[in-house]
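Here's the structure, in structure tokens; my notes come after.
The values are calculated or read from the model by the stated rules, or taken from the named source; none is laboratory data. Treat the numbers as computed from the prediction; the structure is a model and nothing was measured. All Cβ positions, even for glycine, are placed from backbone atoms using ideal geometry, and neighbour counts span all protein chains on display.
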Amino acid sequence: MPDNDRATLDLAARTKPRGFTAIGVFLFFGAIMASLAATTLLWRGTQLDRVWVLNPTAYAKLASFGRTIGLLFLLLGTVLLAAGIGWFRRRLWGWKLAVVIIAAQVLGDAVNCIRGDLVRGGTGVIIAGALMLFLLQHKIKAAFG
């Protein structure tokens, strides 16, 4: 590798690219939201159930799956937390995990489009696709060594 390329990679590893912190915060926010959903689905009848006033249809659909869906949300929250930690510690596995998470989101939104929910699915594909393009930039990956 030429010296100029090494210097560029070294600089990228030392500095935070623009948007770096926002992605990490996004991962932690997702972990909190997934954990909140898990808590309300696993332990029903608490004061936290009030958050479902924002989306009662989703609660009705999710609650029908029983405790299993709550455990899956708990797993999702754990994965997002791990990704956030790996992201801020600049571990390559943290970057890879973030890419997998966003890729799954793009795929899920594309499935929603195919199933006929064009507005939500299409919006999701655009947003998650933009995040994926951001994550796949050379300067972002280079920040992880």
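Tabulated data for the structure shown
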quantity: Options Thr40, Thr78, Thr68, Thr57: the member that is of a type in the set (S, T, N, Q), in contact with a helix residue (DSSP H, G or I) (Cβ under 8 Å, 6 or more places away or on another chain) and farther than 30 Å from Gly145 by Cα; calculated: Thr40
quantity: Matching entry among Leu92, Leu71, Leu48 (being over 13 Å from the mean Cα position of the chain (by Cα), under 21 Å from Leu136 (Cβ atoms) and of a type in the set (A, V, I, L, M, F, W, C)); calculated: Leu92
quantity: Selection within region 3-28 - under 25 Å from Ala128 (Cα atoms) and modelled with pLDDT under 55; calculated: Ala12, Ala13
quantity: Among (1) closer than 30 Å to Arg90 by Cα; (2) at pLDDT below 95; (3) of a type outside the set (A, V, I, L, M, F, W, C) - the single one Arg120 does not satisfy; calculated: (1)
quantity: Among residues of region 39-66, those that are exposed (fewer than 13 other Cβ atoms within 10 Å of the Cβ) and under 20 Å from Thr78 (Cβ atoms), counted; calculated: 3
quantity: Top-ranked residue of region 99-137 - restricted to ones that are touching a residue at least 40 places away in the same chain (Cβ under 8 Å) and part of a helix (DSSP H, G or I), ranked as surrounded by the fewest Cβ atoms within 10 Å (Cβ to Cβ); calculated: Phe134
